[in-house]
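Structure first, commentary second.
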Amino acid sequence: MNLRESIERISGVKLSACYQCGTCSGGCPIVEMMDVAPSKGIYRLQRNDSSVLDATTLWLCAACFTCDTRCPRGLRISAVMEAARALKLRKNIDHLRPESLNAESYAHMPPITMIAAFRKYTG
Ligand code: SF4
Ligand code: SF4
């Protein structure tokens, strides 16, 4: 089973339904802090590009569901994020450490993002 199939199986989301309109990225409240915007992450997964699994985006996503409610194709992007995190956590390593964030990040990052990220950062 390749990466795309694994993500689809865990999330229940059909990645091919995405037509790259960018609405999910446009409405994400923390997209500017992400290294890979949600729509770009979906694009990479459609192509079995595993580089998206190394994106900090997975750990910054606050699971606010804004993208899910706005996607015109009904994709649950937050479920895709969760599936990608699950694949990474199975490797049982840490992906975000409090000391790795600088003062500027702490000053500007919404509290919900920080809480979500630290809740999920350890493998
Ligand atoms: S909003 Fe939906 S269709 Fe548009 S880019 Fe995001 S996942 Fe794809
Ligand atoms: S669920 Fe994650 S990716 Fe979607 S809008 Fe919220 S923070 Fe952004």
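Is the stretch 18-66 rounded, prolate or oblate when judged by the Cα gyration tensor, a ≥ b ≥ c being the square roots of its eigenvalues, rounded requiring a/c under 1.5 and prolate requiring a/b larger than b/c?
oblate
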Taking only the alpha-carbon positions of the stretch 36-98 as identical scatterers, the Debye log10 I(q)/I(0) at q = 0.16, 0.17, 0.23 Å⁻¹ comes out as -0.51, -0.57, -1.01
Dipole check, the stretch 3-120, charges on Cβ (K,R +1; D,E -1), about Cα centroid: among 22, 10, 81 the Cα furthest to the positive pole belongs to 10
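What accessible area per residue comes out for the chain, rounded to a whole number of Å², with a 1.4 Å probe?
Heavy-atom accessible area per residue stands at 55 Å².
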The local net charge around residue 3, scoring Lys/Arg +1 and Asp/Glu -1 for residues other than residue 3 whose Cβ lies under 14 Å from its Cβ, equals +4
Excluding residues fewer than 8 positions from residue 88 in its own chain, the aspartates and glutamates with Cα under 13 Å of it are 54
Heavy-atom accessible area with a 1.4 angstrom probe orders 19, 43, most exposed first, as 19, 43
Rounded to the nearest 10 Å², the accessible area of residue 118 using a 1.4 Å probe with every protein chain kept is 60
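Can you compute the charge dipole magnitude of the chain about its Cα centre, using +1 on each Lys and Arg Cβ and -1 on each Asp and Glu Cβ, nothing else charged? Give it in debye, rounded to the nearest 20.
It works out to roughly 460 debye.
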So for the chain, using the alpha carbon gyration tensor with a ≥ b ≥ c as root eigenvalues (a/c under 1.5 gives rounded; past that, a/b versus b/c decides prolate or oblate), I'd call it oblate
Rounded to the nearest 500, the 222 nm mean residue ellipticity computed for the chain from DSSP H runs (n ≥ 4, each -39500 (n - 2.57)) alone is -13000 deg cm²/dmol
Rounded to one decimal in nm, the spacing of the 7 Å Cα→Cβ label points at residue 106 and residue 35 is 2.2
The percentage of the accessible area of the stretch 42-96 (probe 1.4 Å, all protein chains present) made up of carbon and sulfur atoms, to the nearest whole number, is 48
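The values are calculated or read from the model by the stated rules, or taken from the named source; none is laboratory data. Small disclaimer: the values here were computed from a predicted structure and weren't measured. FYI the Cβ positions are ideal-geometry reconstructions off the backbone, even for glycines, and counts take in every protein chain you see. Quick note on the areas: whole protein, heavy atoms, side chains included, nothing else; ligands and nucleic acids left out. Shrake-Rupley method; radii C 1.70, N 1.55, O 1.52, S 1.80 Å.
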